[in-house]
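The values are calculated or read from the model by the stated rules, or taken from the named source; none is laboratory data. Remember, predicted model here, so these are calculated numbers, not experimental data. Please note: Cβ atoms are built from the backbone with ideal geometry, for glycine as well, and neighbour counts cover all protein chains shown.
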Amino acid sequence: MIRSLVDLFVHKGSKVERAAVVSDVRGGVYFEALTAVVDDLQALGITHHVLFLEAAEQTLSTRYKETRRRHPLAPGGSVAAGVDSERALLEPLRSRADLVIDTTGMSAAMLRSRIADDLLPRQNVGRLALTFMSFGFKHGPPREEDLAFDVRFLPNPHYEHDLRELTGHDERVVQYIARDGRLDELYERLHSLLDFLLPEYVAEGKAHLVIAIGCTGGHHRSVAIAEHLAARYRDRDELTVAVAHRDIDKRSRDS
């Protein structure tokens, strides 16, 4: 199908300027020929880009559970087994990709903005889509961040029995984090840095920026700080602000 589409696009009468084709392993035997098709496009000198989307195994498992679908490569087995088989099958395509995006922790809106930023032509400077993302280092660092700040030096509410099951959305948690004055000192420096950087990114024409805030488990300190920063910059005309809490629902013994 892709070869036929290319023939249509290069025809003199075609009005199609660009097109996107989405494919995955559900294509079965047809999908296995995709690598050869990509190589053919390269050999023919056809301008094209290969975008490869991936995610952490736990994220993929959660998505399959939420949709109540079985993995196409493991219809009678575990999702993990299907994911392993899929990674092996996709490796030749991944190695040919012009852009690889890890969608772990990304919402559909964040992914759409990222793809538009990287692949669509930019006609003029618009608003900067700014995402403050909280995460826990124990669950691994984020892969899509542009800037990352480690706030594990602040008091950890996890060790307070009354606060452990709460999150950074709760004012009691915020007060505990701020109890020794270092949170205010952090904000003083972060505000100054971001007040300088964000207008520079806007002027440069950057369309999307992810600022990650990390603590140990991603439940308390990073959540509170991400929410604070989002509230501070949400009313800026040149910014569209979002918040993402990657690990807020993950719990373990040493958060």
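Are there any pairs, at least 6 apart or on different chains, whose C-beta atoms fall under 8 Å, with the first in region 152-175 and over 14 Å from ILE213 (Cβ atoms) and assigned by TED's automatic domain parsing to the domain that holds GLY214 and the second part of a helix (DSSP H, G or I) and of a type in the set (Ser, Thr, Tyr), and if so, which?
Filtered contacts from region 152-175: PRO155/TYR176; PRO157/TYR176; GLU160/TYR176; LEU163/TYR176.
Conditions (1) closer than 13 Å to VAL151 by Cα; (2) among the acidic types (Asp, Glu); (3) exposed (fewer than 11 other Cβ atoms within 10 Å of the Cβ); (4) out of contact with any Phe, Trp or Tyr (no Cβ under 9 Å at 6 or more places or on another chain), marked per residue:
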position: ASP180; (1), (2), (3), (4): no, yes, no, yes
position: LEU194; (1), (2), (3), (4): no, no, no, no
position: TYR201; (1), (2), (3), (4): no, no, no, yes
position: GLY205; (1), (2), (3), (4): no, no, no, yes
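Specify which of the listed residues (ARG94, ARG143, ARG69, ARG127) is of a type outside the set (A, V, I, L, M, F, W, C) and free of Cβ contacts under 8 Å to residues at least 24 places away in the same chain. Before the answer, list the steps.
Working: ARG94 fails: free of Cβ contacts under 8 Å to residues at least 24 places away in the same chain; ARG143 fails: free of Cβ contacts under 8 Å to residues at least 24 places away in the same chain; ARG127 fails: free of Cβ contacts under 8 Å to residues at least 24 places away in the same chain.
It is ARG69.
Mind checking which helices (runs of 4 or more DSSP H) fall wholly inside region 21-107 and carry at least 1 residues that are at pLDDT 85 or above, surrounded by fewer than 11 Cβ atoms within 10 Å (Cβ to Cβ) and not assigned by TED's automatic domain parsing to the domain that holds GLU145?
Values: elements: 34-44, 57-67, 79-94.
Of the helices (runs of 4 or more DSSP H) lying wholly inside region 21-107, those with at least 1 residues that are at pLDDT 85 or above, surrounded by fewer than 11 Cβ atoms within 10 Å (Cβ to Cβ) and not assigned by TED's automatic domain parsing to the domain that holds GLU145 span 79-94.
Per-residue answers, yes or no, for (1) within 21 Å of the chain's Cα centre (by Cα); (2) among the polar types (S, T, N, Q); (3) over 20 Å from LYS138 (Cα atoms):
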position: LEU186; (1), (2), (3): no, no, yes
position: HIS208; (1), (2), (3): yes, no, yes
position: ALA212; (1), (2), (3): yes, no, no
position: ALA231; (1), (2), (3): yes, no, yes
position: LYS250; (1), (2), (3): yes, no, no
